[in-house]
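Just so you know, all these numbers are worked out from the coordinates, no wet-lab data involved. Please read all numbers here as calculations on a predicted model, not as lab measurements. All Cβ positions, even for glycine, are placed from backbone atoms using ideal geometry, and neighbour counts span all protein chains on display.
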Amino acid sequence: LQNRDVNPQIIARNRECLRAVDQWITDEIYRHSRSGYGCPERLLPMLNLPLDEEPTYTDLLVYCADRISRPVHYLELGVSVGKNFYVLANVLEHALMVGFDWERINPLLARHFHSGGVSGPLAIYTKGTNRLMYLQGDIDSSVDWSRLAGIRFNLVFSDACHQPEMLYREFEMLERHELLDGEFVMVWDDLDALDAGPITRAFLAIGRRLQQDRGIPPEGCFRIALNGWLGQHEHRHTIGVVNSIGLTAAAFAR
Ligand SMILES: C[S@@+](CC[C@H](N)C(=O)[O-])C[C@H]1O[C@@H](n2cnc3c(N)ncnc32)[C@H](O)[C@@H]1O
């Protein structure tokens, strides 16, 4: 993913957003969490380190959002402390954004948003022109997914439980509850680096299903290596993309 593809202004703006937050989580919040917001304790200090200009999956998501013709309806599976969700809430406009995680919303994240009340397991917020919802629930539970019925998402980020069976489950839920728009980009974090890895094989199988069912050309399903939530402070992530809007790996060649 090069700067000629991702407008350098996207990266600069995303980094500026992150710099505005110096602490993503407190010991107290971490201790009272269900499973540490998916962050091993030894990595906690790294959450606050500044990121360089190397593209991350957040930059990719903003790049994709800019290419979707309709208002963005974004679903993030696995929000954690909210580093990615926060940036998108700041830079998108007129979007509907839903975060789904079995942790309660990180109180440090929620204080950046205007609360619009609670509707069952859904907490409602606004940020600028964006409408936000946080669904505290289990991504394995069809009942929890049913709370989202009626929304058609055109940008989905799968970043919760990086196990093949959960990737299949998420896809099954998106299909069962008719949550995926005809025009869509779906992005998966943390696939295996190797083609034969179990998570990559699940991604490829889901990609084939989407190709068959929705007429996506084979080149609409691809993988790229990008930095993740800790940027240059950890290894590159293998990111999977399936889309109906004409994005191909060629656009992201290094
Ligand atoms: C890697 S973190 C997400 C990072 C975040 N997307 C970002 O970029 O900043 C994974 C999150 O998935 C959540 N998670 C894992 N399994 C889940 C499940 N079955 N249901 C709901 N949330 C789950 C964890 O609580 C954790 O917060």
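A few remarks follow.
- Criterion applied to 143, 156 was being under 23 Å from residue 35 (Cβ atoms), within 16 Å of the ligand (Cβ to nearest atom), surrounded by fewer than 20 Cβ atoms within 10 Å (Cβ to Cβ) and β-branched (Val, Ile, Thr), and the one residue passing it is 143.
- When region 192-234 is limited to residues that are surrounded by 19 or more Cβ atoms within 10 Å (Cβ to Cβ) and in a strand (DSSP E or B), the one that is farthest from the ligand (Cβ to nearest atom) turns out to be 221.
- Considering the conditions (1) touching a strand residue (DSSP E or B) at 6+ places or on another chain (Cβ under 7 Å); (2) hydrophobic (A, V, I, L, M, F, W, C); (3) within 10 Å of the ligand (Cβ to nearest atom), residue 97 is excluded by exactly one of them, (3).
- Selected residue [within 12 Å of the chain's Cα centre (by Cα), more than 10 Å from the ligand (Cβ to nearest atom), within 25 Å of residue 167 (Cα to Cα) and buried (at least 23 other Cβ atoms within 10 Å of the Cβ)] from 74, 86: 74
- Checking residue 127 against (1) within 12 Å of the ligand (Cβ to nearest atom); (2) in contact with a helix residue (DSSP H, G or I) (Cβ under 6 Å, 6 or more places away or on another chain), the condition it does not meet: (1)
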